[in-house]
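Structure, as structure tokens:
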Amino acid sequence: MQLKKDENELVNNVESDAGDNVVSQENETTSGEVTNNDYLKPQDDFLVGDGIFGEYQGLYGTGGSHSDVNDSVVGEESRPRKLTKKEFFQSPRNRKDRDRIIISTVVIIVAALFDVIRTDFWLSALKKQIEFANSLAETMGIEEYVIDTQKIMNTQIIMSVILIGLAIGILVAKSRACALIGLAITFINCISTLISTHSFRWYWTMIAFGYATLATFSFAKAWQNYEENGDWKKDW
């Protein structure tokens, strides 16, 4: 079938228009105008390679795999650091030992201060009776029975200072030695007082030191376990 002359002219006009449009688009692109292709640059913003283990370029720079980027995010900073002994003592995992140590320390300090106040009160209240007894003992020549109130007060103050120092050692250093020494001292004093005066004293302080001994040994075991197998030593 042969096309007519008018139809041949129409086809030629359409082909010429299409060619002009392509040429004009190429000229616009080369003239410096922005096109959509400028926003898609695989070499800068996408993985190059198989998409899983290929080299990553763009935001994190060139070179390396995509897994290297994740490794850079999960670095040394994200691992738990080793706690100091003070921080470990204050952590929730040691709440039981911490409470026992603090309570024991408070009881020891309060009891030591109370003993000083009580001794001073009774020496002051019985001052006249003590002076009469001393005068009578000197008159009868039995000076070994003279009551030295100043010596009694000084002894009580020294003992209280020692107990308070041991309590501070337990609280600050979590010292097992301080707890054991305090327990031994209060036990000896308790037995001595019971034999000499037939009165049961020092029992609150002795119980507190015993409580502190258990707590300090338990905390020392927990701290040793943390140093050997703590979270900060685990491999990530």
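The values are calculated or read from the model by the stated rules, or taken from the named source; none is laboratory data. Just so it is clear, the model here is predicted, and its values are computed rather than measured. Cβ sites come from the backbone with ideal geometry, for glycine too, and all protein chains shown count toward neighbours.
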Qualifying residue in region 83-91 (condition: at pLDDT below 95, β-branched (Val, Ile, Thr) and closer than 15 Å to residue 172 by Cβ): yes
Residue in region 106-123 that is over 48 Å from the mean Cα position of the chain (by Cα), more than 30 Å from residue 216 (Cα to Cα) and among the aliphatic types (A, V, I, L, M) present: no
Those residues of region 155-175 which are crowded, with 17+ Cβ neighbours inside 10 Å and either of a type in the set (Gly, Ala, Ser) or over 16 Å from residue 116 (Cβ atoms) (or both), in sequence order: 160, 167, 169, 170, 171, 174, 175
Qualifying positions in region 93-105 - under 20 Å from the mean Cα position of the chain (by Cα) and of a type outside the set (Val, Ile, Thr): 93, 94, 95, 96, 97, 98, 99, 100
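The rows are residues; the columns are (1) among the aliphatic types (A, V, I, L, M); (2) out of contact with any helix residue (DSSP H, G or I) (no Cβ under 9 Å at 6 or more places or on another chain); (3) buried (at least 18 other Cβ atoms within 10 Å of the Cβ); (4) without any contact (Cβ under 8 Å) to a residue 60 or more places away in the chain.
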{"site": "143", "(1), (2), (3), (4)": "no, no, no, yes"}
{"site": "191", "(1), (2), (3), (4)": "yes, yes, no, yes"}
{"site": "198", "(1), (2), (3), (4)": "no, yes, no, yes"}
{"site": "221", "(1), (2), (3), (4)": "no, yes, no, yes"}
Unmet requirement for residue 181, which otherwise passes all of (1) under 29 Å from residue 90 (Cα atoms); (2) surrounded by 14 or more Cβ atoms within 10 Å (Cβ to Cβ); (3) touching a residue at least 24 places away in the same chain (Cβ under 8 Å): (3)
